[in-house]
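For reference, the structure is listed below as structure tokens.
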Amino acid sequence: MQQTAYLDSNATSRPAPEVVDAVAQMLTEDWANPSSVHRFGQRARQRVELAREQVCKLINCRTRELIFTSGATESNNLALRGILAARPNQRTIITTRLEHSAVREPCAHFAEVHDYNVIYLPVSLDGLIDLDALAETLDKHEGDVALVAIHWINNETGVIQPVDAIGDLCRRHGVLFFSDATQAIGKVPCDLSELPFSAMSFSAHKFHGPKGAGGLYVRRGTPLIPQTLGGPHERERRGGTENTPGIVGLGFAAELADRFLQTDGPSIGAARRDRLEAAIIEAVPDAVVNSAGAPRLWNTTNIGFAPLTSEAILLMLSEKGISAAAGAACSSGSLEPSPVLLAQGIAEPVAHGSIRLSLSRYTTDEEIDYAIATIPPAVARLRASMPAV
Ligand code: PMP
């Protein structure tokens, strides 16, 4: 059988076996509607509320502060649309060009269709936001800022933004701070009693849960106008019969992640990532690690192999059983270099030839060995086959 290495865990992660069992059980046994008054329905309700407790324990918030959604795209839309609708007189949004499309596109929509003033903060070559620029922008637009929307951890580079410092500035200016934490939750500890978010989104399938389930944390007191009107579900903030298998799977994934984060699992994962990264950099001339100087999530590396294109590399790796990515999964297939890397000021030939390798707690040493044995010769072969300039 062909050897393989799954190194695309930021796109989606393998569902944990315990999650698969829990989802199957909800589909085969506890499949009643949790809003039904009969006992069968109430058992499903109990499962949903247990999952809520599991998730709230992972992120340390109150159960009434959590809204179950269909994933981070919906959570991001609900947070942005819901908060802006509640603040109709404030017309400025402060964000970055490093956001996932599920934040970037709603912000662009608010600029184009609703005439919002959307300000994109400058970022360093390593992909960290400029805190001085944020302070100046908050000063300059005092009273008009509806929202600061800055993600916690970048899906392409793994860069960890200084969310505490961002939050301090927001608090000083009385401005709400929404963060897309999709790549953080389940991978780094999250204590919402300490973190400065007014709202925060996440998705189960990024930490070994099922697809189509996620959440939006909304801090008590944060104004939010519901965007999906229907039944009184989720305390009247998101109508629609609950996705009970997805929610229960999310709950189990949260409990497993909570346990994982209390072990040395993340540092073992970091050692694997570091070994992979170092071996590639040593073996491939002129390979560069993007954002190497910034604090980064333990599971991610993003490496540029100019003058190749990422598509050529990914296709060749795919043939050899290695799953990797360039940019966000949602935009792969496009021939454009990653807008995130370009926004950081990374040179176009490097951005064009950059790939992301992302690990998970299930990644094995054998997969890393195989990637180390495969990627450098693949790059060398592609470079050798390029026409001389
Ligand atoms: N935000 C970030 C940072 C992501 O990485 C992703 C998934 N690529 C999303 C949002 C969208 O999540 P979902 O697939 O749950 O809609």
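Observations on the model:
- Residue match in region 363-377 (condition: farther than 15 Å from N10 by Cβ and modelled with pLDDT under 95): no
- Test: residue in region 41-51 that is within 19 Å of T182 (Cβ to Cβ) and out of contact with any Gly (no Cβ under 9 Å at 6 or more places or on another chain): no
- Counting the residues of region 246-268 that are of a type outside the set (D, E), touching a residue at least 60 places away in the same chain (Cβ under 8 Å) and open to solvent by 10 Å² or more (accessible area, probe 1.4 Å) gives 6.
- Test: residue in region 299-317 that is within 16 Å of the ligand (Cβ to nearest atom), under 29 Å from V103 (Cα atoms) and open to solvent by 30 Å² or more (accessible area, probe 1.4 Å): no
- Qualifying residue in region 286-298 (condition: open to solvent by less than 10 Å² (accessible area, probe 1.4 Å), modelled with pLDDT of 95 or more and basic (K, R)): no
- Among (1) surrounded by fewer than 24 Cβ atoms within 10 Å (Cβ to Cβ); (2) touching a residue at least 40 places away in the same chain (Cβ under 8 Å), the one test that G230 misses: (2)
- Members of region 338-387 that are of a type outside the set (A, V, I, L, M, F, W, C), crowded, with 20+ Cβ neighbours inside 10 Å and not in a helix (DSSP H, G or I): S338, Q344, G353, S354, R356, S358, S360, R361, T363
- R45 passes every criterion in (1) touching a strand residue (DSSP E or B) at 6+ places or on another chain (Cβ under 7 Å); (2) surrounded by fewer than 23 Cβ atoms within 10 Å (Cβ to Cβ) apart from (1).
- Exactly one residue out of V118, V37, V55, V113 is open to solvent by 70 Å² or more (accessible area, probe 1.4 Å), among the β-branched types (V, I, T) and not in a loop (DSSP other than H, G, I, E, B): that is V113.
- Selection status of S75, surrounded by 22 or more Cβ atoms within 10 Å (Cβ to Cβ), of a type in the set (S, T, N, Q) and touching a Ser or Thr at 6+ places or on another chain (Cβ under 9 Å): yes
- Identity of the residue in region 137-179, small (G, A, S) and either over 30 Å from L7 (Cα atoms) or open to solvent by 10 Å² or more (accessible area, probe 1.4 Å) (or both), that ends up farthest from the ligand (Cβ to nearest atom): G143
- Among the residues listed as L84, L131, L98, the single one being closer than 29 Å to L341 by Cβ, more than 16 Å from the ligand (Cβ to nearest atom), open to solvent by less than 10 Å² (accessible area, probe 1.4 Å) and modelled with pLDDT of 95 or more: L84
- None of R361, R383 is closer than 21 Å to A283 by Cβ and in contact (Cβ under 8 Å) with a residue 24 or more places away in the chain except R383.
- Listed by first and then second residue, the pairs with beta-carbon distance under 7 Å, at least 6 apart or on different chains, first residue in region 94-120 and in contact (Cβ under 8 Å) with a residue 40 or more places away in the chain, second open to solvent by 20 Å² or more (accessible area, probe 1.4 Å) and assigned to a strand (DSSP E or B), are I94/I119; T95/V118; T95/Y120; T96/Y120; T96/V123; R97/Y120; L98/V123; C107/V118.
- With respect to the conditions (1) out of contact with any strand residue (DSSP E or B) (no Cβ under 7 Å at 6 or more places or on another chain); (2) assigned to a helix (DSSP H, G or I); (3) under 24 Å from H151 (Cα atoms), G212 lacks only one, and its number is (2).
- Residue within region 180-192 that is over 30 Å from I268 (Cβ atoms), away from the ligand (no atom under 15 Å from the Cβ) and modelled with pLDDT of 95 or more present: no
- When region 60-81 is filtered for residues that are in a helix (DSSP H, G or I) and within 16 Å of the ligand (Cβ to nearest atom), the ones remaining, listed by number, are A72, T73, E74, S75, N76, N77, L78, A79, L80, R81.
- Within region 24-51, residues that are under 24 Å from L256 (Cα atoms) and acidic (D, E) have Cβ atoms under 8 Å from residues that are part of a helix (DSSP H, G or I) and open to solvent by 100 Å² or more (accessible area, probe 1.4 Å) in these pairs: D30/R43, counting only partners at least 6 apart in sequence or on another chain.
The values are calculated or read from the model by the stated rules, or taken from the named source; none is laboratory data. Since this is a predicted model, take the numbers as computed values, not measurements. No Cβ is skipped: glycine too gets one built from the backbone with ideal geometry, and neighbour counts run over all protein chains shown. In case anyone asks, the SASA skips ligands and DNA or RNA and just uses the protein heavy atoms, side chains included. Shrake-Rupley method; radii C 1.70, N 1.55, O 1.52, S 1.80 Å.
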